[in-house]
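**Student:** For reference, the structure I am asking about is given below.
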Amino acid sequence: WLVEVGPGLDIAFPDTMTFHTGDGAIVTALSPRCLQLMRRAGCGIMPRVSNIDPVGNWEGDAAGELLRDQAAQVRFVENLVTHLKAYGAIGANIDIESLGPQDASAYVDFLSLLASVLHRHGLYLTVDIPLDEEAYDPEAIAQVADAVVLMAYDEHYGTGAPGPIASL
């Protein structure tokens, strides 16, 4: 599919980077074949970086730990830049979920640090935010990110309670 449609794509957001601890380590799983296809298609590569564990649980506690540890944030940013450069990426898409309201200010500070370093390397930062959650300040995040992606979807899903996928 990517070979056929790829030349018409501007940006691909492969879901390939995660972190499960607050120590700054990043786990990456971008297959060489997928990377080759994206490069051949000529689309920009912006890996999604999330705090989701291998079975699909959001690691809000790990994200909170990261936000409270300046040294871990520096390691995280350094690791991320190393991976992005190795992929030939144009930036990163940050999707950190399950934060608590107490994390809102620290999250914006972290994104500001991340944006500053990425921009110094000529890389973009996009940030996914959920609709109407106290831990995410859309206006403050928009001040530091190159783009904000509103996640107006996944309100309900097949294994959860009935309701609309997106009620906007």
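**Student:** Given contacts defined as C-alpha pairs under 8 Å and at least six residues apart, what's the relative contact order of the chain, whole-number percent? Before the final figure, lay out each step's value.
**Tutor:** Values: 299 pairs, mean separation 30.5, N = 168.
Computed value for the chain: 18 percent relative contact order.
**Student:** Can you find, among Gly122, Ala147, Ser112, the residue sitting farthest towards the positive end of the charge dipole of the stretch 1-153, where Lys and Arg contribute +1 and Asp and Glu -1 at Cβ?
**Tutor:** Of Gly122, Ala147, Ser112, it is Gly122.
**Student:** What is the set of long-range amide H partners of Val149 at a cut-off below 5 Å, with H atoms built 1.01 Å from backbone N?
**Tutor:** Val127, Asp128, Ile129
**Student:** Taking the chain as a Gaussian network, Cα atoms linked when under 10 Å apart, which of Thr21, Thr82, Thr126 shows the biggest mean-square fluctuation?
**Tutor:** Thr82
**Student:** In addition: Please compute the contact order of the stretch 27-95 in relative form: average sequence separation of alpha-carbon pairs under 8 Å and at least six residues apart, divided by the residue count, as a percent.
**Tutor:** Here the relative contact order equals 46 percent.
**Student:** What is the set of long-range amide H partners of Gly44 at a cut-off below 5 Å, with H atoms built 1.01 Å from backbone N?
**Tutor:** Those lying under 5 Å, H to H, from Gly44 are Ile11, Ala12.
**Student:** Let me ask something else about it. At 1.4 Å probe size, what's the solvent-accessible area of Ile90? Round to the nearest 10 Å².
**Tutor:** That residue has around 50 Å² of solvent-accessible surface.
**Student:** Of the residues Met38, Met151, Met17, which exhibits the maximal mean-square fluctuation in a Gaussian network model of the chain defined by a 10 Å Cα contact cut-off?
**Tutor:** Looking only at Met38, Met151, Met17, the largest GNM fluctuation is found for Met151.
**Student:** At Thr82 and Cys34, where each label point lies 7 Å from the Cα along Cα→Cβ, what is the point-to-point distance in nanometres?
**Tutor:** 2.1 nm
**Student:** Return the single residue from Gly60, Gly122, Gly22 with maximal mean-square fluctuation; model: Gaussian network over the chain, springs between Cα atoms under 10 Å.
**Tutor:** Evaluated over the chain, the most mobile residue of the options is Gly122.
**Student:** Taking the solvent-accessible surface of protein heavy atoms with a 1.4 Å probe, what is the per residue accessible area of the chain in Å²?
**Tutor:** 53 Å²
**Student:** Right, here's the next one. Would you work out the charge dipole size for the stretch 1-88 about its Cα centre, treating the Cβ of every Lys and Arg as +1 and the Cβ of every Asp and Glu as -1, and quote it to the nearest 20 debye?
**Tutor:** Using only the charged Cβ atoms, the result is roughly 440 debye.
**Student:** If you roll a 1.4 angstrom probe over the protein chains with everything in place, what fraction of the accessible area of the chain belongs to carbon and sulfur, to the nearest %?
**Tutor:** Solvent-exposed carbon and sulfur of the chain make up 53 percent of the total.
The values are calculated or read from the model by the stated rules, or taken from the named source; none is laboratory data. A quick note: this is a predicted structure, and the numbers were derived from the prediction, not measured. Cβ coordinates were reconstructed from backbone atoms using ideal geometry, including for glycine residues, and neighbour counts include every protein chain displayed. Please note that ligands, DNA and RNA were not included when accessible areas were found on the heavy atoms of the full protein model with its side chains. Shrake-Rupley method; radii C 1.70, N 1.55, O 1.52, S 1.80 Å.
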